Amino acid sequence: MLRRYWDLSSFTGKFGFIVIAMSILCALFAYVIIPDYSSNANNQNPELSLLPPLSKITMLEIKGKGRFSLLRGFRGHYKTIPFDELLKLSPDGTLQYTSIGGQVKIYQDDLLSKYQSIEDLTALTKTKYYWFGADRYGRDMLSRLILGIRISLLAGFIAVFIATVIGVIVGLFSGYFGGWIDGITMFFINSLWAFPTILFVFAIVMAFGRSLSVIFIAVGCTLWIDVARLVRGQTLKVKEEVFVRAAKSYGASAPRIIFRHILPNILGPLMVMTAANFAIAILIEAGLSYLGFGVSPPIPSLGNMLNENYGFALSGMVFMAVIPALFIMLLVLSFNFLSQSMRDVIEEQ
């Protein structure tokens, strides 16, 4: 038993579960833990363009009136100024400082006029760590990656929910009733199954427009086919069991037999398929965003971050392209590990 507990399948399953749990927590409390809590982590500092990882910068943080939301971050005027030394503050709000590059620049902002001295501004300074560096617009990569994980998980959850609901209903009724209902259903499923998934998603997005809701629904409407095929096959098997025949002999209605007797007995394979579909949905969303058909900037997603930064890999800044790709790989791998571990547990029962 101890050997089974520590075998490779069990370890990979636990690894996948831990990574997924941590990703969900990061997604839920993203704006609490990320360094840049502006909306969409879109605070830009051109002076910090392509800043390498593990950099430490002294920042002047200025916030205007606004509200903080756990879902959308700080909604209001938010600006950070990287500097080496504050030199002068004029009454009209003009700030003179030494920039990171060593040049003196002038920054104009009405919000600065309420601060009477350099000392007042210095009290707002803090040291900021760019753990994963900054992109070409000077935005914090770590903050945008965590928000990108939120989009990927949200896409996976909504798409898998839609696919599971449609696939379970279609598969259960097709497998249980059989006959012409099953024939028509399988003809429709096989016809759709002949189309490549990514092209089917493209068609839906092009027809209804590019938005978050359309993307999630499009992915969900392509994944239900595999769910329906699985549920139909399991239903054909379970409906021949003795307890289903007994329920029929006692006069139980078809919906009662389907949802009270058959569905609970096929939940195991269905959960395995659900975990695998999460990985597929994340890959499809990332692929759409990478190709420009997915989430629109400045909303960060792992796919559009990879699209923005992959070119820098050829110029020696490999980390710009590798980091988003690693996050996508880690999420997909974790769901596949979890799916495989669940399959192994079901097969042992």
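Things worth noting here:
- Residue tally, condition closer than 26 Å to Leu28 by Cβ and either hydrophobic (A, V, I, L, M, F, W, C) or more than 22 Å from the chain's Cα centre (by Cα) (or both), over region 54-74: 8
- Selection count, region 129-162, where residues are over 23 Å from Asn307 (Cβ atoms) and either modelled with pLDDT under 90 or in contact with a Gly (Cβ under 8 Å, 6 or more places away or on another chain) (or both): 3
- Long-range neighbours under 8 Å by Cβ, at least six apart or interchain, first residue over 10 Å from Arg136 (Cα atoms) within region 38-49, second surrounded by fewer than 17 Cβ atoms within 10 Å (Cβ to Cβ) and not β-branched (Val, Ile, Thr): Ser39/Arg72; Ser39/Arg75; Asn40/Pro298; Asn42/Pro298
- Some residue of region 151-158 being assigned by TED's automatic domain parsing to the domain that holds Ser296, among the aromatic types (Phe, Trp, Tyr) and either farther than 30 Å from Leu95 by Cβ or surrounded by fewer than 16 Cβ atoms within 10 Å (Cβ to Cβ) (or both): yes
- All of Val227, Val201, Val219 fail the test of being surrounded by 20 or more Cβ atoms within 10 Å (Cβ to Cβ), in contact with a Gly (Cβ under 7 Å, 6 or more places away or on another chain) and assigned to a helix (DSSP H, G or I), apart from Val227.
- Out of Gly287, Gly233, one residue alone is in the same structural domain as Ser334 (by TED's automatic domain parsing), in contact with a Gly (Cβ under 8 Å, 6 or more places away or on another chain) and farther than 27 Å from Ile328 by Cα. It is Gly233.
- If you go through region 204-262 and keep only what is over 24 Å from Ile158 (Cα atoms) and among the hydrophobic types (A, V, I, L, M, F, W, C), you end up with Leu236, Val238, Val242, Phe243, Val244, Ala246, Ala247, Ala252, Ala254, Ile257, Ile258, Ile262.
- In region 32-53, of all residues being among the hydroxyl-bearing types (Ser, Thr, Tyr) and part of a loop (DSSP other than H, G, I, E, B), the one that is nearest to the chain's Cα centre (by Cα) corresponds to Tyr37.
- Exclusive hit being under 29 Å from Leu333 (Cβ atoms), surrounded by fewer than 18 Cβ atoms within 10 Å (Cβ to Cβ) and in the same structural domain as Val160 (by TED's automatic domain parsing), set Ser213, Ser191: Ser213
- Taking the criterion of being in a strand (DSSP E or B), in contact (Cβ under 8 Å) with a residue 40 or more places away in the chain, surrounded by fewer than 15 Cβ atoms within 10 Å (Cβ to Cβ) and not acidic (Asp, Glu), the only residue of region 59-97 that qualifies is Gly64.
- Against the test of being aliphatic (A, V, I, L, M) and either outside the structural domain of Met273 (by TED's automatic domain parsing) or in contact (Cβ under 8 Å) with a residue 24 or more places away in the chain (or both), the options Leu330, Leu314, Leu306 yield a single qualifying residue, Leu330.
- Qualifying residue in region 286-305 (condition: more than 29 Å from Gly16 (Cα to Cα), modelled with pLDDT of 85 or more and aromatic (Phe, Trp, Tyr)): no
- Any chance Leu121 is in a helix (DSSP H, G or I), under 23 Å from Pro82 (Cα atoms) and of a type outside the set (Val, Ile, Thr): yes
- The residues in region 290-302 that are hydroxyl-bearing (Ser, Thr, Tyr) and in contact (Cβ under 8 Å) with a residue 40 or more places away in the chain can be counted, and the count is 2.
The values are calculated or read from the model by the stated rules, or taken from the named source; none is laboratory data. Note that the coordinates shown come from a computational prediction; the quantities given were computed from them, not determined experimentally. Reconstructed Cβ throughout: ideal geometry from the backbone, glycine too, with neighbour counts over all protein chains shown.
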